Amino acid sequence: MATISHSDLEALWTLAGGTQATADVAAAIAEAESGGNPSAIANTAYPNLPGYHPPPPGAQPEYSVGLWQINLLAHPQYTASQMLTPRLNAIAAYAISNGGTDFSPWTTYTHDLYKSHLQSAGTPTAQAGVVTGLATGWIAPSAHSGYADFRNSVEKHVPRQLVHARTIDLLTLRRLKKLSSVRK
């Protein structure tokens, strides 16, 4: 898959619930983490999976996936297939960053490696009194036709569908386990 541009990373960030004030920094972090490659995987945890290499001495193993390199060992609520989807990776990054108020989970942020990717001289700024994001269900006004519907889908329908899909998966696994124990 082709790399995603800085402006498109900013758009993904804002569609996930992030503010425009934090979009440049969030996009810069994604570029520093993955080079904008939505298929990027850093694997120092699973020798049987592609791309494995041992962790450096003293480093914790990781299995980080996608644009914002979401570490699935630290965030087991996400799956690799979800994190390989740019939209879902952005939603996870938004959640992990506490709505764009804390980028410290990314070492490219804490070590200032993201700064070379900034498009402005900006740093993340909280907007006091502005409540946005996935948890609130608030939809920002936009001049773009269909934007509110798209944002509503990303914020409400996609998470519900993911929960529904997980529930079906669990029920299917239980049924298969029950069937296999009956046949023995």
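No value in this document is a laboratory result; all are computed from the given coordinates. Fair warning: this is a prediction, and the values are worked out from it, not measured in the lab. No Cβ is skipped: glycine too gets one built from the backbone with ideal geometry, and neighbour counts run over all protein chains shown.
Computed from backbone phi with θ = phi - 60° and the Karplus coefficients 6.51, -1.76 and 1.60, the 3J(HN,Hα) list for the stretch 16-22 is 7, x, x, 7, 5, 5, 9 Hz; x is used for glycine and proline. A protection proxy built from the mean count of other Cβ atoms within 10 Å ranks the segments 168-177, 42-51, most packed first, as 42-51, 168-177.
Taking Cβ atoms as reference points and 13 Å as the exclusive limit, the residues near Ala40 contribute a net charge of -3, counting Lys and Arg as +1 and Asp and Glu as -1.
Remark on Asn71: its backbone amide H falls under 5 Å from those of Val65, a criterion applied only to residues 5 or more positions apart or on other chains, H modelled at 1.01 Å from N. Per-peptide packing, taken as the mean over residues of other Cβ atoms within 10 Å, places 24-36, 98-110 in the sequence 24-36, 98-110 from highest down. This ranking places Arg87, Arg166 by how few other beta-carbon atoms lie within 10 Å of each, fewest first, which gives Arg166, Arg87. Note that the stretch 34-43 has calculated 3J(HN,Hα) couplings of 10, x, x, 8, x, 9, 5, 9, 10, 10 Hz, one per residue in order, obtained from phi through the Karplus relation 6.51 cos²θ - 1.76 cosθ + 1.60 (θ = phi - 60°); glycine and proline are x. Shown in residue order for the stretch 100-105 are the 3J(HN,Hα) couplings computed by the Karplus curve 6.51 cos²θ - 1.76 cosθ + 1.60 at θ = phi - 60°: x, 9, 8, 8, 5, x Hz (x for Gly and Pro).
Reducing the stretch 1-52 and the stretch 73-93 to their Cα centroids gives an inter-centroid distance of 11 Å.
Report the net charge of residues surrounding Ala28, where surrounding means a beta-carbon distance below 10 angstrom and charges are Lys +1, Arg +1, Asp -1, Glu -1. With Lys, Arg at +1 and Asp, Glu at -1, the neighbours total -3.
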